[in-house]
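Notes follow the structure.
The values are calculated or read from the model by the stated rules, or taken from the named source; none is laboratory data. Every value quoted in this text rests on a predicted model; they were computed, and no experiment measured them. Every residue, glycine among them, receives a Cβ derived from its backbone with ideal geometry; neighbour counts consider all protein chains shown.
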Amino acid sequence: MMELRNENKVHGKIDSVDSMMNTYMSNVTFTTVDGQSNQFDLFYIKGKQIRYVHIPDEVDVIATIQAQLAVYGVIQSRTGPGMQRAPRRKIFSSKEQKQRRKAKIEQAVKKTAKMLASLPKADSPDVT
């Protein structure tokens, strides 16, 4: 069942919903605020008119979503096309982390020393 922003209610089978929540339904009972009911074979609701969607307790939402995605070919397997996992980063022990930091610092010191050695000296006659 869906409650609309104008407080009317729509009860029926949801056939499809798009990304804007525009909804196509079938076998619909439309009930107005004053209690009048009308039957429709097909019914369309613009997404911005929907206030609330009541999902019955007997519906397994996760299974329904997975089944719908499988219909569209989105889910093939956990590692199938389009579902590759990101490469895992290696977790280092604290000892390994210290060794890696020390090596990085030593590289930075060597690079800085090399750069400073290439600079002209202050007492050199070339510098003005």
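Would you check if residue 30 is at pLDDT 90 or above and surrounded by 10 or more Cβ atoms within 10 Å (Cβ to Cβ)?
Spelling it out, residue 30 is indeed at pLDDT 90 or above and surrounded by 10 or more Cβ atoms within 10 Å (Cβ to Cβ).
Out of 31, 23, which single residue is within 23 Å of the chain's Cα centre (by Cα) and under 13 Å from residue 1 (Cα atoms)?
23 is the lone residue from the list that is within 23 Å of the chain's Cα centre (by Cα) and under 13 Å from residue 1 (Cα atoms).
Which of (1) in a loop (DSSP other than H, G, I, E, B); (2) at pLDDT below 85; (3) surrounded by 10 or more Cβ atoms within 10 Å (Cβ to Cβ); (4) among the β-branched types (Val, Ile, Thr) does residue 79 not meet, given it meets every other one?
With (1) in a loop (DSSP other than H, G, I, E, B); (2) at pLDDT below 85; (3) surrounded by 10 or more Cβ atoms within 10 Å (Cβ to Cβ); (4) among the β-branched types (Val, Ile, Thr) applied to residue 79, the lone miss is (3).
Those residues that are hydrophobic (A, V, I, L, M, F, W, C) and over 21 Å from residue 64 (Cα atoms), I need them from the range 11-44; list them, please.
If the condition is that a residue be hydrophobic (A, V, I, L, M, F, W, C) and over 21 Å from residue 64 (Cα atoms), then 30, 33, 40, 42, 43 are the ones that fit.
Just one of the numbered conditions (1) modelled with pLDDT under 80; (2) within 20 Å of the chain's Cα centre (by Cα) is not true of residue 61; which one?
In the conditions (1) modelled with pLDDT under 80; (2) within 20 Å of the chain's Cα centre (by Cα), residue 61 misses (1) alone.
Would you point out the residue of the range 1-10, among those that are in a strand (DSSP E or B) and aliphatic (A, V, I, L, M), that is nearest to residue 65 (Cα to Cα)?
Filtering the range 1-10 for residues that are in a strand (DSSP E or B) and aliphatic (A, V, I, L, M), the one nearest to residue 65 (Cα to Cα) comes out as 2.
Given the conditions (1) in a loop (DSSP other than H, G, I, E, B); (2) at pLDDT below 90; (3) at negative phi, report the number of the one that residue 73 does not fulfil.
Condition not satisfied by residue 73: (3).
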